[in-house]
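Presented below is the structure to which this report refers.
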């Protein structure tokens, strides 16, 4: 039996094989969509949620403006709370998307 030598590929062909094998294009698309969704959630938290919470805090009017001064330092705990809310909303959206993808068997559920 004579073995055939491997077919030589050009650098471009090897690069295209790499992109297909590791799903880089899908990852890039997911990254761009994720960044856009993150901006949207941040805008919702900044423009709607924090002012609504601020209404309950009669003194400041905006959650992000809550501060705790200590000496010459100022701790922006209102901004931290707003960022935690932002993170929790994004994490919840990712969780819901994951549940839907596993429901339609588009991804494997690693928890079972």
Using the Kirkwood radius built from alpha carbon pairs, what does the Stokes-Einstein equation give as D for the chain at 37 °C and 0.692 mPa s, in µm² per second? 177 µm²/s
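Take the Cα atoms of region 10-51, build their convex hull, and give its volume per residue in Å³.
Values: hull volume 2.1 nm³, N = 42.
Dividing the Cα hull volume of region 10-51 by its residue count gives 50 Å³.
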Report the calculated FRET efficiency for residue 81 and residue 55 (r = Cβ-Cβ distance, R0 = 25 Å), to the nearest 0.05. 0.95
For the chain, take the longest principal axis of its alpha carbons; what is the angle in degrees between that and the long axis of helix 24-44, to the nearest 10 within 0 to 90? 10 degrees
For the chain, modelled as a GNM with alpha-carbon contacts under 10 angstrom, which of 64, 99, 21 fluctuates the most? 21
Three-way shape label, region 25-78, alpha-carbon gyration tensor, a/c 1.5: oblate
1/(1 + (r/R0)^6) with r = Cβ-Cβ of residue 73 and residue 42, R0 = 22 Å, i.e. FRET efficiency to nearest 0.05, evaluates to 0.30
Among 42, 74, 65: highest mean-square fluctuation, GNM of the chain, C-alpha pairs under 10 Å: 74
Can you compute the helix-only [θ] at 222 nm over the chain? Use -39500 (n - 2.57) per DSSP H run of at least 4 residues, normalise by all residues, nearest 500 deg cm²/dmol. -20000 deg cm²/dmol
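Computed from the coordinates by the stated procedures, all read-outs in this text should not be read as laboratory data. Just so you know, these numbers come straight off a predicted model, no measurement behind them. Note that we place each Cβ from the backbone using ideal geometry, even for glycine, and neighbour counts take in every protein chain shown.
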